[in-house]
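So the structure is just underneath, and the comments pick up after that.
The values are calculated or read from the model by the stated rules, or taken from the named source; none is laboratory data. This is a predicted model, so every value here is computed, not measured. Cβ: placed from backbone, ideal geometry, glycine included. Neighbour counts: every protein chain shown.
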Amino acid sequence: MAESWKADADGILVFTGLFSASVAALVAVSVQDLKPSSQDNSAFYLANIYQLLANANGIQVSIPATLTDPSIPFSPPSHAVWVNSLWFLSLAISITCALLATLLQQWARRYIKITQPRYSPHKRARIRAFFAEGVDKLHLPWAVEALPTLLHVSLFLFFGGLLMFLFNINHTVFSAVAWWVGICAAVYIWVTFMPIFRHDSPYYAP
């Protein structure tokens, strides 16, 4: 039992490490949409200087409408808020899973150390029975099962943010990724509900 917990935690740690790095790389790009761009501010002031110099020489120049006045309070686009909310939440859940997986490894090692001392078989059996009762009463198996579930939730949040992010950038790329995400979602739902209809199904999802 404890060995299986430790093996599950090892796999989760590897996945969360790679997944968190990927999400963090995208968040570093998307978070720029939540704050005013310093380049846009510089362009606005340079355009103002150019306009003043041009007007002084009798040349009428207007500031392009695409340049926003920095004195006006900045309001990020709603899609940027949603994308960053989903990705930051996904990243937070993923890192939480990594922490819980690390704790699970420690719990498993401690359980193995305590329940496998160099005592007689009878005494070892009593120790195992004692701690097995504690494991059941404190619902440790539920905590173990919750780890993959949280990881799946994190992955779904990431995909939701990714689709929203791509929708506002390029519809062709969005369509390609949306098709793949849709296929994966359909397979996931199929795997989740298959044990209900096929009791001999080896497939399982939290």
Taking the residues in the range 168-206 that are aliphatic (A, V, I, L, M) and not in a helix (DSSP H, G or I) as candidates, determine which candidate is surrounded by the most Cβ atoms within 10 Å (Cβ to Cβ). ALA205
Pick from the range 141-152, criterion hydrophobic (A, V, I, L, M, F, W, C) and surrounded by fewer than 17 Cβ atoms within 10 Å (Cβ to Cβ), ranking: farthest from the chain's Cα centre (by Cα): TRP142
Looking at the range 168-195 only, could you name the residues that are of a type in the set (Phe, Trp, Tyr) and at pLDDT below 90? TYR188, TRP190, PHE193
Count, please, the residues in the range 1-47 that happen to be at pLDDT below 75 and within 30 Å of VAL81 (Cα to Cα). 13
